[in-house]
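Beneath this line is the structure, given in structure tokens, with notes to follow.
The values are calculated or read from the model by the stated rules, or taken from the named source; none is laboratory data. In this text, all values refer to a predicted model and were calculated from it rather than measured experimentally. As a convention, Cβ positions derive from the backbone with ideal geometry for all residues, glycine included, and neighbour counts pool all protein chains shown.
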Amino acid sequence: MKIAVLPGDGIGKEVVPIAVDVLRTMLPEAEYVYVDVGHERFTREGKAMTNEDIETIKKCDCILFGAITSPPKKCYRSVILTLRQALDMYANVRPFKSCSISPYKVDFTIYRENCEDLYCGMEDVSDDQVLSTRKITRHASERIARKACGHPGLEMLTIVHKANVLRSCELFRDVCIDIAKKAGVPYEEMLVDAMAYNLIRNPSRFDVIVTTNLFGDILSDEAAALIGGLGLSPSANIGDRYALFEPVHGSAPDIAGKGIANPIAAVLSAKMLLEWSGHRAKAEFVQGAVDRTISNGILTPDMGGKFKTEDVGLSIVKHLESQ
Ligand code: ATP
Ligand code: MG
């Protein structure tokens, strides 16, 4: 297997090497292809990512991604949006699983449509009015619904929408119900406002959630708070051919260079890479090593500890090697 490694900017450069150490331990035969993309490269060379980079990435099976600093002014097209489009990675998958020190006990996954909705860039701007178009298609709704219905061990699919007000959501809901029925998957529907409420009131009742791009964006930040923060939240962007794995957090310029970034979100993103590539048992080893590291109190400051990024990484790899 060939893995493209894109550490990006800021703490991306600090946490991705830890995730690569974990992958090298679990997949010694894999090949790692480093590609430098992001704002730091843009400042140095005037380009955040070239077409040549995209071709190099396309020759790999999947991508391990760190984070990219959002420039203060929009001086270049977002690297992650470009990659999502170029590689057609239409499903954003975010698992939320509590650890021993999480404020809530939860274990659910959000499937967020990744390509359309209000983020499709169709905006009609004038001085006194801005019209943003919400695009929802049958095709995109079908493929995210299919991905969610295929979630391993799915017990209940919650379809989140606002179909009582929005016709676009009516289409999304109807398509999801149709796919769930055909797949023989148990499902329920929930309005997005009720979902925001129930996610706090009774988060342990959820299993697999499927929703549109904007709702998924908002609900997944709410969900990250339930498990104890950004430093613990991994994600995957999945298409039919390619997949990209990245921590939910950004480049965290406020702590970059201090060696104190929490590498767990990046390591759990590597765990998702292992699951996606069929190495389920190895993925569970990684989860076990992370759980043990947390129980032993090897924590970075964001989790209330005094340890450094490197200490957490060494502890996780030590547990992996002793399994
Ligand atoms: P960007 O422009 O790259 O999105 P940001 O300023 O929005 O950067 P985020 O990375 O989104 O920063 O992080 C928000 C806050 O959470 C910051 O205060 C950051 O220090 C903290 N944070 C994010 N990720 C981690 C991590 N892995 N470990 C510790 N703290 C983190
Ligand atoms: Mg951010």
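Quick notes on this structure:
- Residue that is within 16 Å of ligand 2 (Cβ to nearest atom) and within 30 Å of LEU320 (Cα to Cα), where the choices are LEU226, LEU230: LEU230
- Residue ID - farthest from the chain's Cα centre (by Cα), chosen from residues in the stretch 59-69 that are under 16 Å from ALA30 (Cα atoms) and not aliphatic (A, V, I, L, M): LYS59
- Top-ranked residue of the stretch 249-262 - restricted to ones that are near ligand 2 (Cβ under 10 Å from one of its atoms) and buried (at least 21 other Cβ atoms within 10 Å of the Cβ), ranked as nearest to THR109 (Cα to Cα): HIS249
- Restricting the stretch 83-100 to residues that are surrounded by 17 or more Cβ atoms within 10 Å (Cβ to Cβ) and assigned to a helix (DSSP H, G or I) leaves a set whose member that is nearest to the chain's Cα centre (by Cα) is ARG84.
- Residue in the stretch 102-118 that is within 16 Å of ligand 1 (Cβ to nearest atom) and closer than 29 Å to ILE159 by Cα present: yes
- The numbered conditions (1) away from ligand 2 (no atom under 15 Å from the Cβ); (2) part of a strand (DSSP E or B); (3) surrounded by 20 or more Cβ atoms within 10 Å (Cβ to Cβ) are all true for GLU246 except (1).
- Residues of the stretch 204-257 that are more than 12 Å from ligand 1 (Cβ to nearest atom), in contact with a Ser or Thr (Cβ under 9 Å, 6 or more places away or on another chain), closer than 19 Å to ALA4 by Cα and among the polar types (S, T, N, Q): SER235 alone.
- Inter-residue pairs, beta-carbon under 8 Å, first hydroxyl-bearing (Ser, Thr, Tyr) and in the stretch 238-263, second away from ligand 2 (no atom under 16 Å from the Cβ), 6+ apart: TYR242/LYS58; TYR242/ASP61; TYR242/CYS62; TYR242/ILE63; TYR242/LEU87; TYR242/ASP88; TYR242/MET89
- Any hit, the stretch 194-209, residues being in a strand (DSSP E or B), in contact (Cβ under 8 Å) with a residue 60 or more places away in the chain and either of a type in the set (Gly, Ala, Ser) or buried (at least 17 other Cβ atoms within 10 Å of the Cβ) (or both): yes
- All of (1) within 16 Å of ligand 1 (Cβ to nearest atom); (2) under 19 Å from the mean Cα position of the chain (by Cα); (3) over 19 Å from ALA30 (Cα atoms); (4) assigned to a helix (DSSP H, G or I) hold for ALA261 with one exception: (4).
- Within the stretch 61-90, residues that are in the same structural domain as THR43 (by TED's automatic domain parsing) reach partners that are among the charged types (D, E, K, R) and part of a strand (DSSP E or B) with beta carbons closer than 8 Å, at six or more positions or on different chains, in the pairs ASP61/LYS2; LEU64/GLU246; PHE65/GLU246; GLY66/GLU246; ALA67/GLU246; ILE80/GLU246; TYR90/GLU113.
Matching residues to (1) at pLDDT below 95; (2) on the phi > 0 side of the Ramachandran plot; (3) surrounded by fewer than 20 Cβ atoms within 10 Å (Cβ to Cβ):
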| position | (1), (2), (3) |
| --- | --- |
| HIS39 | yes, no, no |
| GLU55 | no, no, yes |
| LEU64 | no, no, no |
| PRO71 | yes, no, yes |
| VAL79 | yes, no, no |
